[in-house]
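A.B. asks: Take this structure first; my questions come after.
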Amino acid sequence: MEKIIIEGGYELNGAVEVSGFKNAALPIIPASILAGERCVVENLPMIKDIFCISNIMSSIGADIELNENGTMVIDTSKITKIVAPYDLSRQIRASYYLLGAGLSRFKEVEVAYPGGCDIGTRPIDQHIKGFEALGAKVDIEHGVIKCRADKLVGTKIYLDVVSVGATINIMMAAVCAEGRTTIENAAKEPHVVDVANYLNSMGADVKGAGTDVIRIEGVEKLHGCTYSVIPDQIEAGTYLVAVAATGGDVLVKNVIPKHLESIIAKLRETSANIIEYDDSVRVISNGKLVGVNVKTLPYPGFPTDLQQPMAAILSIAEGSSVITESVFEARFKYIDELKRMGANIKVDGRVAIIEGVKELTGARVRATDLRAGVALVVAGLIAKGKTEIDDVFHIDRGYENIEQKLLGLGAKIYRVNR
Ligand code: UD1
């Protein structure tokens, strides 16, 4: 069993390069099904979720070549139908993106009900509502989602909840539908825009991505293209958050500062000094933070995926902080692990009340999901003494070379297998 071990209490200094955005790359890879030709996708993060979606794509007949530098050549011309293997598709949430892409190209697709982090019930009713509105019949039988349509016809779809996954999936299903599809109350996240840009590079006509109304004019067919994925907003935010609490001076490179606005604003409130450049952000901090209130919201609000590392640093901030999780219903399971390290946090439903303590102390803890795992890494960096993190496979799903990147900044972090 692999563990991450951290000797905490060291400042972080230097520069760190952010990888490509996991949550954009995960739909972009299956979106290539729509081209039916060769696509080249650059700036992919080398993380487990990408290897998993790549295996799923190979298993349905795509030719995939993934280079170490994060470039993937995807040829989907030989795929004839999409029945995604049960065990693989259950491993990640993003396997559901094969539904939208597969439905669009073949009018028939089967994918196992998706997996992903255990952060409460994660319905896919809005995806299904969108597919049905376009003319598909959707059945869930024996844990498998089956969609089929004689033809897809553009229509107006209002999402009852702002969902990144549903917005992207419906966009993919609609690109070749007859006529115009309008998605109202669409998610505005940077990765929604990135996927729309990828679809447009393949010949689609998608307008309005990044606003809450997306208009898609159906086109006859798409074609191959070369595309580079945007930098990972959440990975960048994680490093900014960590340095604010360890103290130090770090330049976080390869970012789109606009995507980090809510995080930068919150960190400034904690008293960290943040300087924005064109494609990098510098954080300078003495590690002495003041408590703040945070509410997670769809973009451009504070991202739910940074709620956990933020809780880790607020646990040593002066005074009290309140975190309200408004996107997912059960995203505080990791708090018990932070308590093992001395954090004083009370959870009541979707609200966590944090009373800042003087210091955290290293402990043996367990990553319960991806972002929870990285919160423990951040806690380990600021804690006194040694932290041992179990179940690090969760962290490997979403963070490329996390130990090497942190080692480069002066952290004492390593991995053992025992
Ligand atoms: C994606 C991200 C995840 C991030 C989340 C919110 C990927 C692989 N994952 O997840 O890291 O935390 O966006 O930014 O990109 N909902 C419904 N019905 C639906 C769909 C969603 O009720 O059909 C609800 C969810 O339960 C949740 C909220 O809508 O409460 C937002 O979910 P959504 O934006 O869809 O998140 P994901 O796409 O699953």
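A.B. asks: Considering only residues that are more than 18 Å from the chain's Cα centre (by Cα) and more than 13 Å from I284 (Cβ to Cβ), which ones fall in the stretch 246-263?
C.D. replies: Hit for the stretch 246-263 is K253, nothing else.
A.B. asks: Another question, then. So R415 ticks every box in (1) crowded, with 24+ Cβ neighbours inside 10 Å; (2) closer than 21 Å to E17 by Cα; (3) among the charged types (D, E, K, R) but one. Which box is left unticked?
C.D. replies: Of the numbered conditions (1) crowded, with 24+ Cβ neighbours inside 10 Å; (2) closer than 21 Å to E17 by Cα; (3) among the charged types (D, E, K, R), the odd one out for R415 is (1).
Listed here are the residues, each with its yes/no results for (1) over 30 Å from M341 (Cβ atoms); (2) modelled with pLDDT of 95 or more; (3) within 15 Å of the ligand (Cβ to nearest atom); (4) not β-branched (V, I, T).
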{"position": "N13", "(1), (2), (3), (4)": "no, yes, no, yes"}
{"position": "V16", "(1), (2), (3), (4)": "no, yes, no, no"}
{"position": "I33", "(1), (2), (3), (4)": "yes, yes, no, no"}
{"position": "N43", "(1), (2), (3), (4)": "yes, yes, no, yes"}
{"position": "S77", "(1), (2), (3), (4)": "yes, yes, no, yes"}
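A.B. asks: Restricting attention to the stretch 294-339, which residues are hydrophobic (A, V, I, L, M, F, W, C) and within 16 Å of the ligand (Cβ to nearest atom)?
C.D. replies: Answer for the stretch 294-339, where residues must be hydrophobic (A, V, I, L, M, F, W, C) and within 16 Å of the ligand (Cβ to nearest atom): V294, L297, F302, L306, M310, A311, I323, V327, F328, A330, F332.
A.B. asks: Among what's in the stretch 19-55 and is of a type in the set (V, I, T) and either assigned by TED's automatic domain parsing to the domain that holds N254 or out of contact with any Pro (no Cβ under 7 Å at 6 or more places or on another chain) (or both), pick the residue that is surrounded by the fewest Cβ atoms within 10 Å (Cβ to Cβ).
C.D. replies: V40
A.B. asks: Give all pairs with beta carbons closer than 6 Å in which a residue from the stretch 9-32 that is more than 16 Å from I56 (Cβ to Cβ) meets a residue that is of a type in the set (D, E) and not in a helix (DSSP H, G or I); count only pairs at least 6 apart in sequence or on separate chains.
C.D. replies: N13/D249; V18/D232; S19/D232; S19/E400; F21/D232
A.B. asks: How many residues, within the stretch 267-283, are touching a residue at least 24 places away in the same chain (Cβ under 8 Å) and either closer than 19 Å to G319 by Cβ or among the aliphatic types (A, V, I, L, M) (or both)?
C.D. replies: Within the stretch 267-283, residues that are touching a residue at least 24 places away in the same chain (Cβ under 8 Å) and either closer than 19 Å to G319 by Cβ or among the aliphatic types (A, V, I, L, M) (or both) number 6.
A.B. asks: Have a look at E359, E329, E400 and point out the one that is among the charged types (D, E, K, R), surrounded by fewer than 16 Cβ atoms within 10 Å (Cβ to Cβ), under 21 Å from the mean Cα position of the chain (by Cα) and not in a helix (DSSP H, G or I).
C.D. replies: E329
A.B. asks: Is it true that G135 is part of a helix (DSSP H, G or I) and not aliphatic (A, V, I, L, M)?
C.D. replies: No; evaluated as a whole, the condition is false for this residue.
To keep it simple, each residue is scored yes or no on (1) under 25 Å from Q91 (Cβ atoms); (2) assigned to a strand (DSSP E or B).
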| residue | (1), (2) |
| --- | --- |
| T368 | yes, no |
| A379 | no, no |
| K386 | no, yes |
| I389 | yes, yes |
| I395 | yes, no |
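A.B. asks: Could I ask something else about it? Quickly run through the stretch 189-210 and pick out the residues that are under 12 Å from L34 (Cβ atoms), in contact (Cβ under 8 Å) with a residue 40 or more places away in the chain, out of contact with any Phe, Trp or Tyr (no Cβ under 6 Å at 6 or more places or on another chain) and in a helix (DSSP H, G or I).
C.D. replies: Result: V195, L199.
This table checks each residue for (1) within 13 Å of the ligand (Cβ to nearest atom); (2) outside any helix (DSSP H, G or I).
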residue: P123; (1), (2): yes, yes
residue: F131; (1), (2): yes, no
residue: C147; (1), (2): no, yes
residue: I168; (1), (2): yes, no
residue: C176; (1), (2): no, yes
residue: T181; (1), (2): no, yes
residue: A187; (1), (2): yes, yes
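A.B. asks: How many residues does the stretch 97-121 hold that are within 18 Å of F51 (Cβ to Cβ), within 12 Å of the ligand (Cβ to nearest atom) and at pLDDT 95 or above?
C.D. replies: Adding up the residues that qualify gives 1.
A.B. asks: On the phi < 0 side of the Ramachandran plot, of a type outside the set (K, R) and within 16 Å of the ligand (Cβ to nearest atom), is that true of A363?
C.D. replies: no
The values are calculated or read from the model by the stated rules, or taken from the named source; none is laboratory data. Keep in mind that what you see is a predicted model, and the values were worked out from it rather than measured. FYI the Cβ positions are ideal-geometry reconstructions off the backbone, even for glycines, and counts take in every protein chain you see.
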